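Report on the following structure.
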Amino acid sequence: MEFDELELDERLLIARSGTAYFAQCLAELSDRDLDGDTLLPGWTRRHLLAHVGYNAAALCRLLDWAATGIETPMYASTEQRAREIDEGATLGPAALRNLFSHNVARLDERWRDLPARAWTAQVRTAQGRTVPAVETSWMRTREVWIHAVDLASGGRFGDFPTVVLDSLLTDIIGVWHRKDLGTGLVLAVDGRAARAVSQDSPATNTVSGPLAGVVRWATGRGAAGVQIQVDGLTPPSWL
C-alpha cells in the first residue's frame, strides 16, 4: 500500500510519528553536537534543524493558502529560503530547538483546524508542482523521516514504516522517470519483482538488497547493505 492510499488520519499519524522520530534523534545530540556535520554536504546539524523547522512554517503557509484561497507560497524565492536557513543556523541551541518545536506545533494546529473542503484545494510546492493541500502530509513525512537519518545520531532507514519506504521508492522512481534520469537502472528489492526506472530501456545497472537499503541508496544516503552491479554507481538527483 502507498501513502496516498491511506485515510487522512493515518497519513497525519505517520507524519507526526516521523516528527517524533526526528525529535528523538535530536534529543540524542548535545548542544555542542549541533555544530557537527550531517549526511548532507555543507550542512551542519544547525543548518538541518533550521531547515526542518522552517519547512514546517512553509507548509503552514500552503495550508493557509488552501484555507483562505489567498496565494501564499512556501518561500518568497529560492534565495530567501537559503538565506533563512543560513541565518537560522546562527541561532543559539535553545532557540534552534524552540524553532523546531514551535513550528511543529503550528503545523499540527493547521492540520487539525483545516476545513474539510480545503484538503483538496490546489497549492504550489517549492518545486513548482501544483498539488492538493493533502499532499502536505506526504511532504512533511518525507522531510522528517529522511532528515532524522541525516542528523547522523542513530536514525536508520530500517526504522521507517514500510509504507513510507514503499512510497519513497515510488516517488523517487517517478521523479527519475519524469526527468529522464536513471536510464537502464533497475531497483531490485529482496522478495519482490524488480522495478526498472524506464520500461523502454534495456537494463544496464541493477541495485539490489532489502527495501530499507535500496531506498537509502536511492535517496543518496549510502550503499550499505545493497549490491550494485556497477561499482561506484551513484543515484541520480531526486529533489
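Just so you know, all these numbers are worked out from the coordinates, no wet-lab data involved. None of these values were measured; they are calculated from a predicted model. Cβ sites come from the backbone with ideal geometry, for glycine too, and all protein chains shown count toward neighbours.
Values computed for the structure shown
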| read-out | value |
| --- | --- |
| Taking the chain and dividing mean pair separation by its residue count, relative contact order in percent (alpha carbons under 8 Å, at least six apart) | 20 |
| Mean Kyte hydropathy of -1.0 or more with a Cα span along the axis of at least 18 Å, helices from DSSP in the chain | 8-27, 45-68, 93-113, 135-150, 162-178 |
| Debye log10 I(q)/I(0) at q = 0.16, 0.20, 0.24 Å⁻¹ for the range 162-228, Cα point scatterers | -0.46, -0.74, -1.08 |
| Per-residue Cβ neighbour rank within 10 angstrom, fewest leading, Ile146, Ile173, Ile70 | Ile70, Ile173, Ile146 |
| Shape category assigned to the range 107-170 from the gyration tensor of Cα positions, a/c cut at 1.5 | prolate |
| Which of Glu135, Glu7 has the fewest Cβ neighbours within 10 Å, and the rest in rising order | Glu7, Glu135 |
| Mean residue ellipticity (222 nm) of the chain, computed from DSSP H runs ≥ 4 via -39,500 (n - 2.57), nearest 500 | -16500 deg cm²/dmol |
| Between the range 149-227 and the range 22-92, the Cα center-to-center distance that results, in Å | 25 |
| Selection from Ala196, Leu114, Leu12 lying farthest towards where the dipole of the chain points positive, charges on Cβ | Leu114 |
| For the chain, alpha-carbon Rg relative to the globular expectation (2.2 N^0.38 Å, N residues) | 1.03 |
